[in-house]
1. Of a type outside the set (A, V, I, L, M), touching an Asp or Glu at 6+ places or on another chain (Cβ under 9 Å) and farther than 30 Å from Leu266 by Cα, is that true of Thr162?
2. Could you list all residues from region 28-73 that are touching a Phe, Trp or Tyr at 6+ places or on another chain (Cβ under 8 Å) and open to solvent by 20 Å² or more (accessible area, probe 1.4 Å)?
3. Residue under question is Gln95, and the condition is that it be open to solvent by 20 Å² or more (accessible area, probe 1.4 Å) and either closer than 20 Å to Leu288 by Cα or touching a residue at least 60 places away in the same chain (Cβ under 8 Å) (or both); does it hold?
4. Any idea which of Thr111, Thr84 is open to solvent by 10 Å² or more (accessible area, probe 1.4 Å) and modelled with pLDDT under 90?
5. Does Ser122 count as surrounded by 13 or more Cβ atoms within 10 Å (Cβ to Cβ) and touching a Lys or Arg at 6+ places or on another chain (Cβ under 8 Å)?
6. Could you check region 26-55 and list, in sequence order, the residues that are over 17 Å from the mean Cα position of the chain (by Cα) and of a type in the set (Val, Ile, Thr)?
7. Report yes if Cys173 is in contact with a Cys (Cβ under 6 Å, 6 or more places away or on another chain), modelled with pLDDT under 90 and surrounded by fewer than 20 Cβ atoms within 10 Å (Cβ to Cβ), otherwise no.
8. Filter region 1-27 down to the residues that are open to solvent by 40 Å² or more (accessible area, probe 1.4 Å) and either over 27 Å from Thr84 (Cα atoms) or part of a loop (DSSP other than H, G, I, E, B) (or both) and list them by number.
Amino acid sequence: MENGTYLDLMLFENLGSIKYVFFTLAFIFYCAVIFLNVLIILVIFLDKTLHQPMYILMSCLSIISLYGTAGFFPRLLTDLLYDTHKISVEACLIQSFVIYSYAASELTMLTLMAFDRFVAISKPLHYNNIITKRFLTFLIVIAWLYPITFVGIGSLITARLTICGNKLLKVYCHNYEIVKLSCTNYTIMNVYGLILTITTIFFPLGFIFYTYVRIIIICQRNTREFRNKAYKTCIPHMVILLNYSIAIFCEISLSRYMNGELPIALTVVLSLDFIVIPPFVNPIVYGLNFPDIRKQIRRVIKASK
């Protein structure tokens, strides 16, 4: 890949004065995402009673959300504010790496949350012996390193391609769109992209589906009180998982199979779902559904006043 090559993010062209409206809305939304996720992290970090695996994983999910949105929103705001929308290939690959390592990390963290709930419900008496601090730390490290490594390898393969085109029909850098600009054979990247999708998306989703099916079976064999308590802790995770699964399905479908077949505005909205909606919705779902977090949020707000 030649150094100094620049790409044009074409969807920012000809927005006119409406770009300032989009800039204002995006800026407000990004501030809300930062506030909500930092609030969840602080509440869990400051309250020692919340230093439990379930809440620690929630805070990790918020950290991942901050990481992913930091790779997207600052560049988006810059492109909306200025008239030039060029980005170097190197910077584009870095943004693509951040966004897709975020996407994969979010899913692996949701996998850990499903596993945590499965152990808590299936083996409540042995939960503390299984999910120890050391084991939890090991799982969290793997949940971050696993997707970062796989996505990083894909970025390195893309970096070795010779880029001939320079027009990206996206509002952010998309690895597969960069690959399609290559004038060399990119069969290897297509094969690796399939492997990446299977290992970072379908394997985790399959494991999550398996754990929740087992949880439902276990709940059906127990008392109503047990079922209510189990579902109360699982439903927020299931809501977040469903939202994220739909978002990631839209992203894969649009980039691989439906690119150019839908109106541009709808394509942009659907392609941004996985990077925009979960970081905003996740802390709200947790804040509303877990009494311990709600109580600590009220304390933080009162203390700030």
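1. yes
2. Phe29, Tyr30, Ala32, Leu36, Tyr67
3. So Gln95 fails the test.
4. The match here is Thr84.
5. Here the answer is yes, as Ser122 does meet what is asked.
6. Within region 26-55, Ile28, Val43, Ile44, Thr49 meet the criteria.
7. no
8. Met1, Glu2, Asn3, Gly4, Glu13, Asn14, Leu15, Gly16, Ser17
The values are calculated or read from the model by the stated rules, or taken from the named source; none is laboratory data. Note that this is a predicted model, so its numbers are computed, not measured. Note that each Cβ is placed from the backbone with ideal geometry, even for glycine, and that neighbours are counted across all protein chains shown. Each accessible area value is taken on the protein alone, full model and side chains, heavy atoms only, with ligands, DNA and RNA left out. Shrake-Rupley method; radii C 1.70, N 1.55, O 1.52, S 1.80 Å.
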